[in-house]
Amino acid sequence: MRKKIVAGNWKMNTTVPEGVELAKAVVAKAAGVPSEVGLVIAPPFTHLACVAEVLKGSGVGLSAQNCADKEKGAFTGEVSVDMLVSAGCGYTILGHSERRQYYGETDDKLVTKTRLALGAGLSVILCVGENLDEREQGRQFDVVSEQIKNVLYNFSAEDMARIIVAYEPVWAIGTGKTATAEQAEEIHACIRKVLADKFGAGVADDVTILYGGSCKPSNARELFACPDIDGGLIGGAALNADDFIKIALSF
């Protein structure tokens, strides 16, 4: 049975001391979360080593928010996958809509990053999703299917065991808008079908697919009740330990 996961993406929020306190609060409350639900937090790069110490022995996973597309070298300001592993990460988020929109990340670059991350032993949370114009044009299924094919079709069925997909309706991120459970489920089902077309139904059924658009305690239960939604990639609500844990208790 595929893993249920609630992952918190802190984005560019909190100082290092604030992040350590937030991580401590998450760990303190995580004991009440059923063992079949995995918790992951993704602080900024500057926090990773300190937060890793807080998470030791807690069962809460540590993720980076991105990684470089190079192994090492003269790439000022970049952070390599080996650096992430040495800081204690087990995951990295890749292809978040903000990275695609503001920093021009392409599917080709995401193939390179995914390959490097998997090679270093990291699990990947790959983000896909359509913007408002694409949804209004009725192109959401085509856009998401193309993103999946452009990146994940370059990998093997064995690789898929360490890849999580996060569906982000870009028009719902940070806007307070949320896809209805029906809208979210139909895209999640589409993603699973596209994966099944390449890797077979057995592999596709094992892939965890998260919902990542303004998921909060008030709507998590309805979203998580959908058959193809296996958890959430949480933004704003992940900055509050109580809200984050309430979401994790919504299955």
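Coordinate-derived values only; no laboratory data. Being a predicted model, the structure only gives us computed values, none of them experimental. Glycine gets a Cβ as well: all are built from the backbone with ideal geometry, and neighbour counts include every protein chain shown.
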Margin query: For a quick check of your reading: which helices (runs of 4 or more DSSP H) sit entirely within region 18-136 and have at least 1 residues that are in contact (Cβ under 8 Å) with a residue 60 or more places away in the chain and surrounded by fewer than 20 Cβ atoms within 10 Å (Cβ to Cβ)?
Written below: 97-103
Notebook entry, point to check: Yes or no: residue 144 of a type in the set (A, V, I, L, M, F, W, C), part of a strand (DSSP E or B) and touching a strand residue (DSSP E or B) at 6+ places or on another chain (Cβ under 6 Å)?
Noted result: no
Next item on the list: Could you please find all residues in region 174-218 being surrounded by 15 or more Cβ atoms within 10 Å (Cβ to Cβ) and of a type in the set (S, T, N, Q)?
Entry: 178, 183, 208, 214
Check: Looking at 187, 164, which is the one that is under 19 Å from residue 38 (Cα atoms), β-branched (Val, Ile, Thr) and either touching a residue at least 24 places away in the same chain (Cβ under 8 Å) or in a loop (DSSP other than H, G, I, E, B) (or both)?
Finding: 164
Next item on the list: Go through 166, 157 for me and flag whichever is touching a Phe, Trp or Tyr at 6+ places or on another chain (Cβ under 9 Å) and surrounded by fewer than 18 Cβ atoms within 10 Å (Cβ to Cβ).
Entry: 157
Next item on the list: Confirm whether residue 246 is assigned to a helix (DSSP H, G or I), under 19 Å from residue 30 (Cβ atoms) and not hydrophobic (A, V, I, L, M, F, W, C).
Entry: yes
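Quick check on this structure: which one of 235, 202 is touching a residue at least 24 places away in the same chain (Cβ under 8 Å) and not hydroxyl-bearing (Ser, Thr, Tyr)?
235
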Next item on the list: Among the residues of region 130-171, write down those that are among the small types (Gly, Ala, Ser) and over 18 Å from residue 112 (Cβ atoms).
Entry: 138, 145, 157, 161, 166
